[in-house]
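Report on the structure given below.
The values are calculated or read from the model by the stated rules, or taken from the named source; none is laboratory data. Everything quoted here is computed from the prediction, not taken from an experiment. Cβ coordinates were reconstructed from backbone atoms using ideal geometry, including for glycine residues, and neighbour counts include every protein chain displayed.
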Amino acid sequence: MSLPLASGSLYWYLTRSTGAVALLLLTIAIVLGVVDVQRWSTPRWPRFLVDSLHRNVSLLAFVFLLLHVLTSILDSFAPISLIDAFVPFVGSYRPFWLGLGAISLDMIIAVIATSLLRQHMGYAGWRAIHWLTYASWPIALLHGLGTGSDVQFSWLLAISVLCLIAVIAAIMTRVLAGWPENLRVRGAALGGTGAFALFLVLWLPQGPLGSEWARRSGTPAKLLGHSKHASTGHGAQ
Amino acid sequence: MSQHIKVNPIACEAHGMCAELLPERITLDEWGYPMFDDAPLHGSQVAHAIRAARACPTFALLVERDRTGKRSGRS
Amino acid sequence: MSTMTSSTTAVRPASEPTASGALPRLLSGVHGHGHLTVAEHLEIHGPLKAVRDGSRRHDRDRADRMIEEIERSGLLGHGGAAFPLAVKMRAVAGARGRPVVVANATEGEPASLKDRTLLEMLPHLVLDGGVVAAEALGADELIVCVCESSDAAFESAARAIEERAGASTGGGEPRIELVSVPEHYVAGQESALVSYLSGGPALPTFTPPMVFEKGVKRRPTLVNNAETLAHLALIARHGATWFRQLGTAAHPGSALVTLSGPVAHPGVYEIEHGASLSSLIEAGGGATQRVRGALFGGYAGAWIAGGQLRGVALSKEHLAPHGASLGAGVVLLLSEQACPVAETARVARWMSEQSARQCGPCLHGLDAMAQAVEEIAGGTPNTRATQRVERLASLIARRGACGHPDGAVNLILSSLEAFPEEFADHAQHGPCEGCARQPELPLPSRPIDRNARRGVQPSR
């Protein structure tokens with residue numbers, strides 16, 4: 001299956017690839033964050049190293065995220081504007097699924113900004129905002145599955161599933177480590193994680209992996225039907 | 001104007017990064033909490049101390065000037 | 001736990017204060033009926049010359065002169081630190097913002113009854129002092145803090161505040177508020193009290209900023225022990241020279257002391273600084289048993305062994321060479337039958353439990369020290385446990401946010417020094433006869449609610 005290159009499609013490919021990389025890096029950032037807060041270390045992997053890695057991978061993820069947003073705006077195919085990147089649900093291209101991306105981006109911006117400026121704000125405030133990371137990730141994943149053109153390709157599906165497993169493992173580690181302190185919050189975290197995984201299992205086959213997802217997810221009509229094959233070409237998914 | 005390390009013992013949660021980053025001055029007691037003396041920081045120690053203060057997850061480590069002046073590492 | 005007789009019976013009813021400034025001063029006019037009304041109070045001590053002339057404007061000159069007078073008097077704090085009041089007041093006066101005055105009668109020290117007694121019987125002395133301090137600093141608010149379990153003191157203070165609202169004790173007094181504070185040892189610590197009054201937990205905070213700069217609701221705050229304010233009330237009336245007629249040059253004036261242990265009449269007494277310990281014991285009706293040692297200052301204080309008590313006098317400069325101080329005015333005698341090792345182990349454990357649990361060295365260190373002393377009391381090989389105690393002491397000192405760990409260390413080290421034979425004996429032979437007896441040192445028996453108002457270090 002070769003993907004025809006139309007004009008401006010370089011940005012489209014960049015959007016998809018940087019999106020995938022951002023998802024991977026965000027996953028690694030969360031895993032490192034849990035390793036950090038669990039105070040894991042060895043003589044060759046001291047605490048400050050794990051902590052620095054976590055901070056740097058998060059920044060790198062943010063860079064790829066910004067590239068992802070920028071290229072999606074620059075791309076001339078799908079009508080995504082600057083506003084759509086930050087304000088959810090107002091766009092014309094798959095508004096709901098794109099909007100999830102905007103929400104996740106807003107959360108991540110808050111986390112990154114407060115972390116860069118943490119010297120100037122209190123620890124309690126910084127920590128409170130940092131919890132948003134756990135919310136930003138599943139929203140980002142749903143955004144990727146809903147807007148992404150590559151979901152039906154096994155490689156991206158595989159990456160998404162692996163990332164999901166990694167994040168679930170990280171959350172389980174975090175939740176079980178201090179059990180049963182703060183039982184309600186821990187219980188809610190477990191419940192939420194389980195519910196999310198269950199939702200994905202039920203939704204994926206009928207959603208992005210189902211037929212005519214491009215139309216059902218809100219791709220503007222004039223972009224549909226660029227290719228007769230619903231599963232190939234850009235703009236058709 | 002000399003600079004000194006100081007710790008906020010309430011904020012300190014014994015992460016121990018400060019001892020990793022400034023082992024010349026900071027050691028950890030048997031429970032993981034930092035110990036150091038009052039002597040001023042000299043030469044390259046200042047930069048390492050500031051890095052250690054920035055690395056501290058809870059802002060417990062402070063680098064202070066003269067014990068009465070402005071602090072760096074945490075405003 | 002030894003039963004402390006209620007202070008009303010042990011505070012001896014006294015006659016009028018003499019013009020020469022002799023004792024009794026604070027305890028003048030105390031009778032068996034408890035609370036002195038404002039009328040009785042004014043009759044004994046006379047009116048308070050208003051610092052303000054009835055107008056609400058803060059008169060800087062008059063205020064400065066009052067602080068100078070306090071400086072001349074040499075009045076030191078009676079909460080334990082013996083810090084010069086004038087220095088504290090100047091620090092508050094020099095800070096930015098409208099000051100607040102706090103009268104600290106929380107009295108977390110188990111062996112101390114004086115502050116409770118003052119509020120129960122002589123609340124107007126404390127309130128007068130608070131008002132004088134407030135007017136000297138231009139503060140419009142005086143907050144009186146009482147421990148939540150001291151019902152009698154609370155009620156008496158509330159009554160006194162009401163009486164003042166009605167009576168004419170001086171125009172335009174600052175607003176007086178009465179607050180009940182949770183009962184644990186560190187709740188009365190300056191920054192902990194300020195934290196509680198600002199709406200937070202009654203736990204010490206990291207300083208700077210010090211409370212005299214940013215205290216209650218970020219305003220400069222003067223926190224004083226209730227007795228210190230009571231002395232201030234009299235200095236405002238009679239002057240610095242009068243105040244210095246009693247006491248020593250380094251430690252002028254009189255002081256309230258809680259005398260307990262094997263004496264005929266334990267309770268609260270007023271002494272002149274520099275008075276001999278034996279005169280205090282005599283005033284208390286004499287010792288009922290031989291004394292093995294005396295604890296000065298409270299559970300952050302120090303022991304002096306019985307053999308060295310002869311000639312000991314009660315003032316800063318006389319106790320310092322023994323490594324002790326009057327602290328919160330506590331003099332606790334230990335009978336010869338009691339076991340100082342067992343008693344120290346109990347107190348060490350209690351002090352460890354009273355930790356605010358905010359600072360690792362205190363939380364872990366005091367527990368480890370208590371364990372080591374308990375091992376000695378129980379009879380394990382001496383050198384290891386004693387060495388461990390000494391090593392821990394140097395490890396813990398000055399590494400907490402407040403002075404609590406230092407106080408516990410002070411007490412434990414002084415007991416090792418004062419009773420070396422008893423400790424050595426215990427290590428080799430285990431518990432002695434004294435261990436089986438009823439404990440003499442008073443400790444509150446209330447169980448500790450670990451979830452209430454505690455800082456918690458994360459579990460590792």
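So that you can scan it fast, the table gives a plain yes or no per residue for (1) modelled with pLDDT of 95 or more; (2) out of contact with any strand residue (DSSP E or B) (no Cβ under 6 Å at 6 or more places or on another chain):
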site	(1), (2)
B:Pro9	yes, yes
B:Met17	yes, yes
B:Met35	yes, no
B:Gln45	no, yes
B:Leu61	yes, no
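In this structure, is C:Arg357 closer than 22 Å to B:Trp31 by Cβ and either basic (Lys, Arg) or assigned by TED's automatic domain parsing to the domain that holds C:Leu203 (or both)?
Working: closer than 22 Å to B:Trp31 by Cβ: yes; either basic (Lys, Arg) or assigned by TED's automatic domain parsing to the domain that holds C:Leu203 (or both): yes.
In short, yes.
Of all residues in the stretch A:12-25, which are modelled with pLDDT under 90 and in contact with a Phe, Trp or Tyr (Cβ under 8 Å, 6 or more places away or on another chain)?
Of everything in the stretch A:12-25, just one residue is modelled with pLDDT under 90 and in contact with a Phe, Trp or Tyr (Cβ under 8 Å, 6 or more places away or on another chain), namely A:Trp12.
Please give the number of the condition A:Ala158 fails out of (1) under 17 Å from A:Trp203 (Cα atoms); (2) surrounded by 18 or more Cβ atoms within 10 Å (Cβ to Cβ); (3) out of contact with any Phe, Trp or Tyr (no Cβ under 7 Å at 6 or more places or on another chain); (4) at pLDDT below 95.
(2) is the only condition that A:Ala158 fails.
I'm trying to understand the selection: among the residues of the stretch B:9-53, which are of a type in the set (S, T, N, Q) and over 17 Å from C:Gly365 (Cα atoms)? Break it down stepwise before answering.
To start, the set of residues in the stretch B:9-53 that are of a type in the set (S, T, N, Q) comprises B:27, B:44-45.
Passing the criteria: B:Ser44, B:Gln45.
Taking the stretch C:357-395 on its own, how many of its residues are within 9 Å of chain B (Cβ to nearest Cβ) and in a helix (DSSP H, G or I)?
Of all residues in the stretch C:357-395, those within 9 Å of chain B (Cβ to nearest Cβ) come to C:358-365, C:368, C:395.
In the following step, the residues that additionally are in a helix (DSSP H, G or I) were identified as C:360-365, C:368, C:395.
Summing the residues that are within 9 Å of chain B (Cβ to nearest Cβ) and in a helix (DSSP H, G or I) in the stretch C:357-395 gives 8.
For the stretch B:50-67, give me each residue that is outside any helix (DSSP H, G or I) and either within 13 Å of chain C (Cβ to nearest Cβ) or of a type outside the set (Val, Ile, Thr) (or both). It would help to see each step written out before you state the result.
Filtering the stretch B:50-67 down to residues outside any helix (DSSP H, G or I) leaves B:56-67.
Residues satisfying the conditions are B:Cys56, B:Pro57, B:Thr58, B:Phe59, B:Ala60, B:Leu61, B:Leu62, B:Glu64, B:Arg65, B:Asp66, B:Arg67.
Give the stretch B:31-49 a look and list any residue that's out of contact with any helix residue (DSSP H, G or I) (no Cβ under 8 Å at 6 or more places or on another chain) and either surrounded by fewer than 19 Cβ atoms within 10 Å (Cβ to Cβ) or within 11 Å of chain C (Cβ to nearest Cβ) (or both), or say none. Working first, answer last.
Going through the stretch B:31-49, the residues out of contact with any helix residue (DSSP H, G or I) (no Cβ under 8 Å at 6 or more places or on another chain) turn out to be B:36-40, B:42-47, B:49.
If the condition is that a residue be out of contact with any helix residue (DSSP H, G or I) (no Cβ under 8 Å at 6 or more places or on another chain) and either surrounded by fewer than 19 Cβ atoms within 10 Å (Cβ to Cβ) or within 11 Å of chain C (Cβ to nearest Cβ) (or both), then B:Phe36, B:Asp37, B:Asp38, B:Ala39, B:Pro40, B:His42, B:Gly43, B:Ser44, B:Gln45, B:Val46, B:Ala47 are the ones that fit.
Show the residue pairs meeting these rules: Cβ distance below 7 Å; 6+ apart or different chains; first residue within the stretch A:18-45 and touching a residue at least 12 places away in the same chain (Cβ under 8 Å) and farther than 30 Å from A:Leu145 by Cα; second residue surrounded by fewer than 19 Cβ atoms within 10 Å (Cβ to Cβ) and not hydrophobic (A, V, I, L, M, F, W, C).
A:Gln38/A:Thr173
C:Leu256: part of a strand (DSSP E or B) and either more than 19 Å from C:Gly298 (Cβ to Cβ) or in contact with an Asp or Glu (Cβ under 7 Å, 6 or more places away or on another chain) (or both), yes or no? Explain how you work it out, then say what you get.
Values: part of a strand (DSSP E or B): yes; either more than 19 Å from C:Gly298 (Cβ to Cβ) or in contact with an Asp or Glu (Cβ under 7 Å, 6 or more places away or on another chain) (or both): yes.
Yes.
Within the stretch B:7-30, take every residue that is touching a residue at least 12 places away in the same chain (Cβ under 8 Å) and surrounded by fewer than 18 Cβ atoms within 10 Å (Cβ to Cβ) and give me the one that is nearest to the other protein chains (Cβ to nearest Cβ).
Here the answer is B:Glu13.
Please go through (1) part of a loop (DSSP other than H, G, I, E, B); (2) surrounded by 24 or more Cβ atoms within 10 Å (Cβ to Cβ); (3) within 14 Å of chain B (Cβ to nearest Cβ) for C:Met210 and return the number of the only condition it doesn't satisfy.
(2)
Anything in the stretch A:128-167 that is free of Cβ contacts under 8 Å to residues at least 40 places away in the same chain and farther than 18 Å from A:Ser17 by Cβ? List them, or say none.
A:Ala128, A:Ile129, A:His130, A:Trp131, A:Leu132, A:Ala135, A:Ile139, A:Val161, A:Leu164, A:Ile165
Could you look through the stretch C:369-385, keep only residues that are more than 20 Å from C:Gly434 (Cα to Cα) and surrounded by 18 or more Cβ atoms within 10 Å (Cβ to Cβ), and pick out the one that is modelled with the lowest pLDDT?
Restricting attention to the stretch C:369-385, the residues satisfying the condition of being more than 20 Å from C:Gly434 (Cα to Cα) are C:369, C:383-385.
Of the ones still in play, those that are also surrounded by 18 or more Cβ atoms within 10 Å (Cβ to Cβ) are C:369, C:385.
On the way: C:Met369: 95, C:Ala385: 84.
Within the stretch C:369-385, the match that is modelled with the lowest pLDDT is C:Ala385.
Does C:Ala93 qualify as being over 30 Å from C:Pro439 (Cβ atoms), at pLDDT below 95 and in a helix (DSSP H, G or I)?
Working: over 30 Å from C:Pro439 (Cβ atoms): yes; at pLDDT below 95: yes; in a helix (DSSP H, G or I): yes.
Answer is yes for this residue.
Report yes if some residue within the stretch A:43-57 is more than 14 Å from chain B (Cβ to nearest Cβ) and either on the phi < 0 side of the Ramachandran plot or in contact with a strand residue (DSSP E or B) (Cβ under 6 Å, 6 or more places away or on another chain) (or both); otherwise report no. Spell out the reasoning first.
Looking only at the stretch A:43-57, we keep the residues that are more than 14 Å from chain B (Cβ to nearest Cβ), and these are A:57.
Subsequent filtering for residues that are either on the phi < 0 side of the Ramachandran plot or in contact with a strand residue (DSSP E or B) (Cβ under 6 Å, 6 or more places away or on another chain) (or both) retains A:57.
Scanning the stretch A:43-57, I find at least one residue that is more than 14 Å from chain B (Cβ to nearest Cβ) and either on the phi < 0 side of the Ramachandran plot or in contact with a strand residue (DSSP E or B) (Cβ under 6 Å, 6 or more places away or on another chain) (or both), so the answer is yes.
Give the residues of the stretch C:111-167 that are under 17 Å from C:Leu85 (Cα atoms), acidic (Asp, Glu) and in contact with a Pro (Cβ under 9 Å, 6 or more places away or on another chain), sorted by residue number.
Once the filter is applied, which keeps residues that are under 17 Å from C:Leu85 (Cα atoms), acidic (Asp, Glu) and in contact with a Pro (Cβ under 9 Å, 6 or more places away or on another chain), the stretch C:111-167 yields only C:Glu135.
Tell me, which residue of the stretch C:269-295 that is crowded, with 24+ Cβ neighbours inside 10 Å and farther than 22 Å from C:Gly247 by Cβ is nearest to the chain's Cα centre (by Cα)?
Only one residue tops the list, namely C:Leu295.
Among the numbered criteria (1) surrounded by fewer than 17 Cβ atoms within 10 Å (Cβ to Cβ); (2) modelled with pLDDT of 95 or more; (3) within 14 Å of chain B (Cβ to nearest Cβ), which single criterion is violated by A:Gly125?
For A:Gly125, the exception is condition (2).
Would you confirm whether or not the stretch C:173-188 contains a residue that is out of contact with any strand residue (DSSP E or B) (no Cβ under 9 Å at 6 or more places or on another chain) and in a loop (DSSP other than H, G, I, E, B)? If you could, list the steps in order and put the result at the bottom.
Here is the first cut: in the stretch C:173-188, the residues out of contact with any strand residue (DSSP E or B) (no Cβ under 9 Å at 6 or more places or on another chain) are C:184-186.
Add one more test, that the residue is in a loop (DSSP other than H, G, I, E, B), and what stays is C:184.
Yes, because at least one residue in the stretch C:173-188 is out of contact with any strand residue (DSSP E or B) (no Cβ under 9 Å at 6 or more places or on another chain) and in a loop (DSSP other than H, G, I, E, B).
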